[in-house]
Amino acid sequence: MHVDSWALKAKKLGLRSRAVFKLEEILKKTNALQGSEIILDIGSAPGGWSELVKNLSSSSKVFAIDLLDMAPIEGVNFFKDDVSNIDNIKEISCLKSQFDLVISDLAPNLTGISTIDEENIFELNILTLLTARKYLKPDSGHFIIKTFQNGMLKKLKTEMEKRFKIVQTYKPAASKSKSSEIYLYGESPL
Ligand SMILES: C[S@@+](CC[C@H](N)C(=O)[O-])C[C@H]1O[C@@H](n2cnc3c(N)ncnc32)[C@H](O)[C@@H]1O
């Protein structure tokens with residue numbers, strides 16, 4: 001399907017973002033949602049991913065965090081905050097090592113200067129990775145993170161491999177081929 005058709009399809013279906021199709025494909029391929037009872041969505045606004053996981057797994061508890069506001073989704077506990085402050089949100093921090101699935105579509109503001117942007121993306125990715133590792137169930141948790149194909153990707157993958165038994169890379173069909181975005185998947189935290 002042409003990429004703009006994904007945007008049209010999202011609009012027709014009343015979805016909050018086109019990014020929903022990307023997560024849907026990765027969830028299907030990895031089976032990461034199966035049996036997931038507690039889910040954390042990092043960088044959740046406007047809410048496409050949170051809405052998808054809640055719809056596909058209605059009995060699960062979903063927690064979401066974003067710097068920006070997000071219109072409410074029934075059954076999703078949203079916190080307007082920076083992910084770096086997550087340990088101070090008591091409703092989430094009391095659930096360390098208890099999450100089955102952590103998903104992150106975080107994207108920092110870009111400066112247009114590639115070396116600075118690459119460094120900022122890497123730092124945010126590492127913060128997210130460490131957060132996921134802290135909150136996921138050891139052995140059985142799943143982690144999906146959006147990142148970008150750049151000079152730091154290999155380094156990020158190495159950091160993932162230190163913390164997960166299985167690490168895979170996905171480029172979903174709904175992701176524009178000219179876009180450098182790419183998704184890493186980690187299974188079974190070490
Ligand atoms: C691409 S959007 C997420 C789209 C979402 N997955 C969806 O389907 O609707 C990326 C989000 O990351 C958020 N973000 C960026 N830096 C953040 C940070 N440090 N803490 C929390 N959220 C952040 C942005 O505010 C933005 O809403």
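Results, tabulated for the structure shown:
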{"quantity": "Diffusion coefficient, µm² s⁻¹, Stokes-Einstein with Kirkwood Rh over alpha-carbon pairs of the chain at 25 °C and 0.890 mPa s", "calculated": "147 µm²/s"}
{"quantity": "Antiparallel DSSP beta bridges within the chain, as percent of all bridges there, nearest 5", "calculated": "40 percent"}
{"quantity": "Extended-chain gain in nm, criterion 0.36 nm per residue less alpha-carbon gap, LEU8 and ASN88", "calculated": "24.9 nm"}
{"quantity": "Positive minus negative residues near ILE86 (Lys, Arg vs Asp, Glu; Cβ under 13 Å)", "calculated": "-1"}
{"quantity": "Along each principal axis, Cα extent of the range 21-133, largest first, Å", "calculated": "43, 33, 27"}
{"quantity": "Normalised contact order of the chain, rounded percent, pairs of Cα under 8 Å and 6 or more residues apart", "calculated": "20 percent"}
{"quantity": "Estimated inter-spin distance, SER114 and SER58, nm [label 7 Å along Cα→Cβ]", "calculated": "4.9 nm"}
{"quantity": "Rg to Rh quotient for the range 101-173, alpha carbon positions, Kirkwood Rh", "calculated": "0.96"}
{"quantity": "The chain - mean residue ellipticity at 222 nm from DSSP helices (-39,500 (n - 2.57) per run, n ≥ 4, rounded to 500)", "calculated": "-11000 deg cm²/dmol"}
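Where a number appears in this text, it was derived from the coordinates with a stated rule and is not lab data. Predicted, not measured: the structure shown is a model, and the values here were computed from it. Here the Cβ is made from the backbone with ideal geometry for all residues, glycine too, and neighbour counts use every protein chain on show.
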